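Data block below; observations after.
The values are calculated or read from the model by the stated rules, or taken from the named source; none is laboratory data. Remember, it's a predicted structure, so these values are computed and weren't measured experimentally. Here the Cβ positions follow ideal geometry from the backbone for every residue, glycine too, while neighbour counts run over all protein chains shown. These accessible areas exclude ligands, DNA and RNA; they are computed on the full protein's heavy atoms, side chains included. Shrake-Rupley method; radii C 1.70, N 1.55, O 1.52, S 1.80 Å.
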2 protein chains.
Amino acid sequence: MNNIQFGPFSGLSLEGRVAVIADEAVAARVGAEFIVPSGEASKTREMKQFLENQLLEKGYGRDTTIVAVGGGVVTDLVGYLASTYMRGVPLILVPTTLLAMVDAAIGGKNGVNTPYGKNTIGTFYPPKTVLIDFEFLDTLLPHEWTNGRAEIIKLGLVWDATLLEGLPIRQAIAAKIEITELDPQEKGLRRLLNFGHTIGHALELSQNYSIAHGKAVAMGCLAESWLSMHLGYLPPSEFARVAELFPARLSFDREKVLQAMRLDKKAINGIPRFVLIDQIGHAVEFDGDYCRTVKEEDLHALFDWMEDSALLT
Amino acid sequence: MNNIQFGPFSGLSLEGRVAVIADEAVAARVGAEFIVPSGEASKTREMKQFLENQLLEKGYGRDTTIVAVGGGVVTDLVGYLASTYMRGVPLILVPTTLLAMVDAAIGGKNGVNTPYGKNTIGTFYPPKTVLIDFEFLDTLLPHEWTNGRAEIIKLGLVWDATLLEGLPIRQAIAAKIEITELDPQEKGLRRLLNFGHTIGHALELSQNYSIAHGKAVAMGCLAESWLSMHLGYLPPSEFARVAELFPARLSFDREKVLQAMRLDKKAINGIPRFVLIDQIGHAVEFDGDYCRTVKEEDLHALFDWMEDSALLT
């Protein structure tokens, strides 16, 4: 499913008609014909339609290969676009941020946000190729390193504790590939990649996507580790080690976060489900579901802790 | 791929959360919660987004089954919606028109129109079930019979001449299933279902979708049969038999139709490709492509004939 190549963008072999769509930050560098404004605000149905119209206006047909160059916003947005343009055209993803390289661009998921939630609308659509060119990391901003690191730590918490040592980019990519190929359609196992994201996405939505995804995921990993401990799965000594990994702070609106979780894609009948861990590097299986419902009273206990915690003010 | 059931709508077995989305003409009859205004003008990205927001507003999650009840507009629109809602939820199609029963609802294709073309944006997304309830045909309007009949005649021209005798609905459904299961992703053979549609879709687009799809397809079948004769594939005696099947008339704008065909999904580098027949009931194979490019001079010859013909004024 994942055809990952490592190498320079200039070495990408392209045949036939090609439409390059890129984040404005890298558009000039790759000679993009179509440009996506930087930032999560571009990940919408409206931006998809705007780009579709530009492609149609210029006569790009089903014989087009679409190349998406940028961070997770661009790979998610353009991946979704490619999956529905003329009912699907070949797609090449070129992730330019750490987060997109280790997470967004791997595994065939895409999507856009709506006022009701993160990645609410989208498809599973494997790209023909994912090209990883580490040269793009040379211009990465500090907060973009933090964003990517949060997803690597998440992988470390649910899958392989050795990922928590240093910044093992290639191993993180390999781990994400392994998990997504074991469960491409997210019937069970792949859900563990959602660790930290039930709370994380809800935090993002509750703040209108004004906070960085990585910061929200970091908060989410810490909160869901606490929940894992509170529900009796994770030993307190292990939780203490997790807490050391996340020094960030964030305030939140409890009601908005609760409301946002009701539309989480794992929710059943509006009751959110959580991935939980029982040790660092291992998620609880729950008969292959890799997530379980959590009562509202336990969520309030979590919010109480989040509000009281010196980590989150 | 196709799980077709025949029987009454009331006998549909539904489990879990269900969202019924129906054409306004049948919404009351099936107790639909969400309503699509009748007519081709509803088959847009904007209407999809409007319906998505309604579903999200009411808290429908990934555990929802979407039931689409209506003609081809509703099965195409809602099929596309279901394929991207929460990255895809189970879909049940209940076609209520002859055209939707024998064509639109069979084979897993969906889509919406844009100002640039018909079904320009969409996906391949097999429904869980297609329920065919012939009771819906009791209230069908005369032009809706004509629409459906055009697709049956098309199947007769490219696949099985016996479909031209009478109005063999079940056999037409079986033929469409057979073709789509031989080539679900439209790599070759399935293209022959596009006979009559290169011209047909272009006629529709050139008139802003103000003419019935079936009328446009009828015109398209006649025009593309003439092209098949003009290019030396179809004997004139066979063409004469085809001409007898289509008594309709239609005026058109040559430049607009030419322009519209450049974005046809079969086009290569903006040059349209056509399915052609060499006898009634048989399409030309062209090394498995089942279509070929046609020079602009031959298209002008076709338009000259269309303008001169007593059939099209």
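Structure data summary
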quantity: Matching option when the condition is charged (D, E, K, R) and more than 14 Å from B:Gly200 (Cβ to Cβ), among B:Glu165, B:Glu151; calculated: B:Glu165
quantity: Single match in B:Trp226, B:Trp145 (criterion: part of a helix (DSSP H, G or I), within 16 Å of the chain's Cα centre (by Cα) and of a type in the set (Phe, Trp, Tyr)); calculated: B:Trp145
quantity: All positions within the range A:190-211 that are hydrophobic (A, V, I, L, M, F, W, C) and open to solvent by 10 Å² or more (accessible area, probe 1.4 Å); calculated: A:Leu193, A:Leu205, A:Ile211
quantity: Condition check for A:Glu135: more than 14 Å from chain B (Cβ to nearest Cβ), touching a Pro at 6+ places or on another chain (Cβ under 9 Å) and charged (D, E, K, R); calculated: yes
quantity: Residue count, the range A:250-271 (criterion: more than 12 Å from A:His201 (Cα to Cα), in contact (Cβ under 8 Å) with a residue 12 or more places away in the chain and open to solvent by 20 Å² or more (accessible area, probe 1.4 Å)); calculated: 6
quantity: Residues of the range A:107-132 that turn out to be small (Gly, Ala, Ser) and at the interface with chain B (Cβ under 8 Å from one of its Cβ atoms), as a count; calculated: 3
quantity: Count of residues meeting criterion [in a loop (DSSP other than H, G, I, E, B) and either open to solvent by less than 70 Å² (accessible area, probe 1.4 Å) or modelled with pLDDT of 95 or more (or both)] in the range A:168-185; calculated: 3
quantity: Top-ranked residue of the range A:50-106 - restricted to ones that are among the acidic types (Asp, Glu) and facing chain B (nearest Cβ under 9 Å), ranked as least open to solvent (accessible area, probe 1.4 Å); calculated: A:Glu52
quantity: Flag for A:Val294 being touching a residue at least 40 places away in the same chain (Cβ under 8 Å) and under 19 Å from A:Trp159 (Cβ atoms); calculated: no
quantity: Test for A:Gly156: is it open to solvent by less than 50 Å² (accessible area, probe 1.4 Å), more than 30 Å from A:Phe239 (Cα to Cα) and among the small types (Gly, Ala, Ser); calculated: no
quantity: Condition check for B:Ala202: in a helix (DSSP H, G or I), more than 16 Å from B:Lys266 (Cβ to Cβ) and in contact with a Phe, Trp or Tyr (Cβ under 9 Å, 6 or more places away or on another chain); calculated: no
quantity: Test: A:Ala19 is within 14 Å of chain B (Cβ to nearest Cβ), closer than 26 Å to B:Glu46 by Cα and small (Gly, Ala, Ser); calculated: yes
quantity: Counted residues, the range B:239-285 - those being part of a helix (DSSP H, G or I), more than 20 Å from the chain's Cα centre (by Cα) and within 26 Å of B:Thr114 (Cα to Cα); calculated: 5
quantity: Listing of strands (runs of 3 or more DSSP E) fully contained in the range B:15-97 that carry 2 or more residues being modelled with pLDDT under 95 and closer than 27 Å to A:Tyr125 by Cβ; calculated: none
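Conditions tested, residue by residue: (1) within 27 Å of A:Asp63 (Cβ to Cβ); (2) basic (Lys, Arg); (3) buried (at least 18 other Cβ atoms within 10 Å of the Cβ).
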{"position": "B:Ala150", "(1), (2), (3)": "no, no, yes"}
{"position": "B:Gly188", "(1), (2), (3)": "yes, no, no"}
{"position": "B:His213", "(1), (2), (3)": "yes, no, yes"}
{"position": "B:Glu224", "(1), (2), (3)": "yes, no, yes"}
